[in-house]
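Structure record follows, encoded as structure tokens.
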Amino acid sequence: MSKEEVRLFIGPQHPGVTGNMSVEVLLRGDTITWARTHIGYLHRGFEKLMERKIFIKSFPLVCRICVPEPDTNEENFARGLEELAGIEIPERAKWIRTLVLELSRLQMFIMWYGGIAGSMGLSTPVQWGIGDRDYILDLFEELTGGRIYHIYIMPGGVRKDLPEGFEERVLKVMDMVERRLPEYDEIIMENAVVQKRLKGLAKIPKEWVDEMGLTGPVARACGFPYDVRKDHPYEAYPHLDFDVITEDGCDAWSMLLVRRREIDLSIDLIRQIIEKMPRGEFLAPLPNVLYWKIPPGETYVKSESTRGEYGFYVVTDGSDKPRRVHVNGPSFVHGITLLERLLVGQNIADVAPIMVSLQTCPPEMER
Amino acid sequence: MEVLNRLREKFEITGDKVQRDDLALVETTGKDLIPVLVYLKTYEGFKTLVMISCVDWMEKGKFQLSYNLWNPEKKKNIIVKIFLDRENPVFQTIYKIWPQAEVYEREIHEMFGVNFEGNPTQDEELILEDWEEIPPMRRDFNTLRYSMEKFGEREPKSGIIIRKQISEQYDEWRRK
């Protein structure tokens, strides 16, 4: 650090950053010359706690690993345990799980759509995003009893069947969300400030995608059709009809376009799920979960969250507790390895849009 | 998966298993791990490192390092694992092969105490701050004893008293 440079901490409390993490930057004038991510403000030792709990007691814990989108955690952990214990789940349970996953993806995307505008000083869509997300949280409350943490997906299926008339209410909310989206587009996509700031921002070299293991909307904005729902179809996704969304700009604007189109895709998928959902059982018979022992083994299960590939590496040793659970969120690579390299050469005012574009989620970096 | 046969011919493979049709587990020795990873990356299309994980097998005196690779064309995962001695766990860094390995190794160094030779940032704090105990993800780290020593025993009533004080202050403030 020379005398011409200034050292600055952005975060851990800052309206622009996504949760409690901080970025330490060196500035020469307005330009960032070096960046380093600092995490650790949210560390609660989930993985350590899970090693001390029987399997079923970990379910109220795993959903807390990512606050805005908890269902991916539950579904992944449940699927990993089912694979290791050799449990087949009923067909209807798979469809209900897919419905819950897509609803949670949709609410996260809507919140994100407001958030990217907020990171550039447009505060109206932030309120809209949080408001419209609440209609989906109402559905979750009706289905699971909880708005944020659902603890609904469990090994063997799901906890309860859908309530009566739930499908119609889901479709009603979908129509409402779809009606609202043109207003968002008008205020965000057609805004000259947004277009000027995001086009060409955070340009990612294409070779970084495979080398660093970038996934999700970040990889898709670089033209790589990586989507776990297609590459490794889980739950009911093999029966759904959809195409992987890609854009070719490799910049923040392309990530915005990918996520905007993902909202439409999620709405379409939810309609397909409700149309095709079979009737039947929703929970497979389980052994007594309080004395449930799983034979030794290890597996890696993954699913597509809004931020990219979300993986659970589960190791069991034949006892009633897991030997090791490693939660691998996409933000670990996006928020540390990629962000530190991307920020170099950028303007200080663009730190928040870049972080929101990568959609870094600190709790999943420091489980 | 056919890749397992080719690996068995070329390297010292001490165990393998096909867990799912898109996931294989391979066990090798520390000497052969980096050649295996480079071979998989260069010739077999396993271009991406998904994660590095560490498992503590305390009763066997071993640490297990798992390197999870992903083949984007064939859509397959492979987990290559090795066992290290738990007493003095030292291994080479692979951050020159995949840049994101640097952070995964930094986390394992902090949480398990595995030393990765050649990793430039592994001594920087990632999550913990001023940590003096044994690395916390080791199985012999006692969380309860640590919190008792660090924070003392909790008095169950203190919370209620503080809440009462706050509510009294609030009432006082409202009366003004």
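The values are calculated or read from the model by the stated rules, or taken from the named source; none is laboratory data. The structure displayed is predicted, hence computed values, not measured ones. No Cβ is skipped: glycine too gets one built from the backbone with ideal geometry, and neighbour counts run over all protein chains shown.
So the values come out like this:
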{"quantity": "Boolean, A:VAL209 is without any contact (Cβ under 8 Å) to a residue 60 or more places away in the chain, in a helix (DSSP H, G or I), of a type in the set (Val, Ile, Thr) and surrounded by 17 or more Cβ atoms within 10 Å (Cβ to Cβ)", "calculated": "yes"}
{"quantity": "Qualifying residue in the range B:46-65 (condition: farther than 28 Å from A:GLU82 by Cβ and at the interface with chain A (Cβ under 10 Å from one of its Cβ atoms))", "calculated": "yes"}
{"quantity": "Among the residues listed as A:GLY280, A:GLY335, the single one being out of contact with any His (no Cβ under 7 Å at 6 or more places or on another chain), of a type outside the set (Lys, Arg) and at positive phi", "calculated": "A:GLY280"}
{"quantity": "The range A:277-294 - residue that is more than 23 Å from A:LEU99 (Cα to Cα) and surrounded by 11 or more Cβ atoms within 10 Å (Cβ to Cβ) and, of those, farthest from the other protein chains (Cβ to nearest Cβ)", "calculated": "A:VAL289"}
{"quantity": "Residue under evaluation A:ILE273, criteria (1) within 14 Å of another protein chain (Cβ to nearest Cβ); (2) in a helix (DSSP H, G or I); (3) at pLDDT 90 or above, criterion not met", "calculated": "(1)"}
{"quantity": "Options A:ARG323, A:ARG341: the member that is closer than 18 Å to A:GLU298 by Cβ and at pLDDT 90 or above", "calculated": "A:ARG323"}
{"quantity": "Matching residues in the range A:139-169 - criterion: being touching a Lys or Arg at 6+ places or on another chain (Cβ under 8 Å) and farther than 19 Å from A:GLU91 by Cβ", "calculated": "A:LEU139, A:PHE140, A:GLU141, A:GLU142, A:THR144, A:TYR149, A:ILE151"}
{"quantity": "Residue in the range A:345-357 that is surrounded by fewer than 24 Cβ atoms within 10 Å (Cβ to Cβ) and within 11 Å of chain B (Cβ to nearest Cβ) present", "calculated": "no"}
{"quantity": "Test: residue in the range A:295-307 that is crowded, with 17+ Cβ neighbours inside 10 Å and more than 22 Å from A:ASN73 (Cβ to Cβ)", "calculated": "no"}
{"quantity": "Residue check for B:VAL114: touching a strand residue (DSSP E or B) at 6+ places or on another chain (Cβ under 8 Å), modelled with pLDDT of 90 or more, more than 10 Å from every other protein chain (Cβ to nearest Cβ) and within 25 Å of B:LEU25 (Cβ to Cβ)", "calculated": "yes"}
{"quantity": "From the options A:LEU61, A:LEU49, A:LEU42, residue that is within 18 Å of the chain's Cα centre (by Cα) and free of Cβ contacts under 8 Å to residues at least 24 places away in the same chain", "calculated": "A:LEU61"}
{"quantity": "Meets criteria (within 22 Å of A:TYR234 (Cβ to Cβ) and more than 11 Å from chain B (Cβ to nearest Cβ)) for A:SER331", "calculated": "yes"}
{"quantity": "Output for the range B:71-102, where each listed residue is within 14 Å of chain A (Cβ to nearest Cβ), of a type in the set (Asp, Glu) and more than 26 Å from A:ILE336 (Cβ to Cβ)", "calculated": "B:GLU73"}
{"quantity": "Total residues in the range B:122-176, condition at pLDDT below 75 and closer than 30 Å to B:VAL90 by Cβ", "calculated": "0"}
{"quantity": "Residues of the range B:1-26 satisfying the condition of being assigned to a strand (DSSP E or B), more than 11 Å from chain A (Cβ to nearest Cβ) and either farther than 28 Å from A:LYS48 by Cβ or charged (D, E, K, R) (or both)", "calculated": "B:ILE13, B:THR14, B:ASP16, B:VAL18"}
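Each row is one residue, and each column tells you yes or no for (1) more than 24 Å from A:ASP251 (Cα to Cα); (2) out of contact with any helix residue (DSSP H, G or I) (no Cβ under 9 Å at 6 or more places or on another chain).
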| site | (1), (2) |
| --- | --- |
| A:GLY318 | yes, yes |
| A:VAL325 | yes, no |
| A:PRO330 | no, no |
| A:VAL333 | no, no |
| A:LEU338 | no, no |
| A:ARG341 | no, no |
| A:ILE348 | no, yes |
| A:VAL356 | no, no |
| A:THR360 | no, no |
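Results for (1) in contact with a helix residue (DSSP H, G or I) (Cβ under 9 Å, 6 or more places away or on another chain); (2) at pLDDT 90 or above; (3) under 19 Å from B:GLN122 (Cα atoms), shown as yes or no for each residue.
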{"site": "B:TYR39", "(1), (2), (3)": "yes, yes, no"}
{"site": "B:LYS47", "(1), (2), (3)": "yes, yes, no"}
{"site": "B:MET58", "(1), (2), (3)": "no, no, no"}
{"site": "B:LEU69", "(1), (2), (3)": "yes, yes, no"}
{"site": "B:ILE79", "(1), (2), (3)": "no, yes, no"}
{"site": "B:PHE83", "(1), (2), (3)": "yes, yes, no"}
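Every residue, every condition in (1) part of a helix (DSSP H, G or I); (2) modelled with pLDDT of 90 or more; (3) of a type outside the set (A, V, I, L, M), yes or no:
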| position | (1), (2), (3) |
| --- | --- |
| A:LEU84 | yes, yes, no |
| A:ALA93 | yes, yes, no |
| A:VAL100 | yes, yes, no |
| A:GLN107 | yes, yes, yes |
| A:ILE110 | yes, yes, no |
| A:GLY115 | yes, no, yes |
| A:PHE140 | yes, yes, yes |
| A:GLY146 | no, no, yes |
| A:PRO182 | yes, yes, yes |
